1. Could you work out the relative contact order of the chain? I mean the mean sequence separation of Cα pairs under 8 Å and 6+ apart, divided by the number of residues, in percent.
2. How would you rank 256-268, 152-164, highest first, on the average number of other Cβ atoms within 10 Å across their residues?
3. Specify which residue in the list L95, P225, G156 is farthest towards the positive end of the charge dipole of the chain, using unit charges on the beta carbon of Lys, Arg (+1) and Asp, Glu (-1), about the Cα centre.
4. Would you work out the charge dipole size for the chain about its Cα centre, treating the Cβ of every Lys and Arg as +1 and the Cβ of every Asp and Glu as -1, and quote it to the nearest 20 debye?
5. Rounded to the nearest 5, what is the percent of antiparallel bridges among the DSSP beta bridges in the chain?
6. Between the stretch 295-313 and the stretch 115-185, what is the C-alpha centre distance in whole Å?
7. Using only DSSP helix segments of four residues or longer, with each worth -39500 (n - 2.57), what per-residue ellipticity at 222 nm results for the chain after dividing by its residue count and rounding to 500?
8. Lys/Arg Cβ at +1, Asp/Glu Cβ at -1, dipole of the chain taken about the Cα centre: which of L141, L244, A307 is farthest positive-ward?
Amino acid sequence: MRVLFLMLALLVAGPSAKSDAQPFHAGVTRITVQDTIPFDALVAYPTDVAEPPFQDGPHIVAAGRDAPIAAGARFPIVLFSHGGGGTIKAGGTPLPYADLLTSLAREGFVVVAPFHPGSKRPREALEDRPRQIHKALDAMLADPRFATHADPTRLGMMGFSYGGAVTLIVAGAAPSLAHLATYCRDRTDDPLACDGVPTDGSLANAVGRRSPDALAVKALVLLEPWGSLFDRDGLASLEMPTLLYRAESSALKADSNILALAAGLPRPPRQETIPGGHFIFFGPCPPALEAEAPAVCKDAPGVDRAAVHRRIKVEIGDFLHRNL
């Protein structure tokens, strides 16, 4: 998984105009979350005020910065975990997905997306990141700006790649490092899933357990999830509706990641296949960054990343509205 997100800091989330069909504008803010290593979380939420684009580091975000949340309703919550198999020690950012997250805010969701800080080892990250999600949710709910406007009884979660595995763990799945090591022993063709995974038998007796930070999540959206971490037994408690995306030209092998999850979940998920590679879920990059980060920014001829994002924003918004 080390090859994931090597150029994450270069990515820019492109701005998006508010669609006539979306009932709100988007507001965004950052909150600080206390943990062993304090970290920030991005909160995107519905607002009635304007959303002038602003720059956050290299990222352009089309949203009202620190705008007031729209009044008169309690909005469902969507948690988000960015990927980061290649940035476990350095941490990562949800900003490359800002166009998708702010689109959900315009649809009437409060989105909580941690900037996951680094972990010493990948195995620790499987414990750290669910805890960070839990603490970010608690921090948002304790914030007086959101306390009376966010509805914790309508809770969904979305994650990309490594963040897809985090999403499953937060929903109650038990990861199996033994299962992963067995899979990776003979799969040199799946480096996105297996790079850095010990296959020397040291994980043979590793026992998967439900996370103490599992939450009552009612709907899941999985974007090219790292699924080889889970066996069927570890998924047995996940009865909630799930929307599962696969990129048809992804380097993450579908048979033991996306398709294995689809077969192992007790409730058959809705499956969608989109054109493009693994990183198609990152927001479109401007031309200058395409030249610097072609592995994550450039798509094959005939693949229109902007069109893919227009499609998935509608599908994900509709799915979450129906299930939260």
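No lab work stands behind these numbers, since they all come straight from the coordinates. Only a predicted model underlies this, so the values are computations on that prediction, with no experimental measurement involved. All Cβ positions, glycine included, derive from the backbone under ideal geometry; neighbour counts span all protein chains shown.
1. Averaging sequence separation for qualifying contacts and normalising by length gives 18 percent for the chain.
2. So the peptides 256-268, 152-164, ranked by packing, come out 152-164, 256-268.
3. Positive-most Cα among the choices belongs to G156.
4. 420
5. Counting only bridges with both partners in the chain, antiparallel ones make up about 40 percent.
6. Measuring centre to centre over Cα atoms gives 26 Å.
7. Rounded to the nearest 500, it is -8000 deg cm²/dmol.
8. The residue sitting farthest along the positive end of the dipole is L141.
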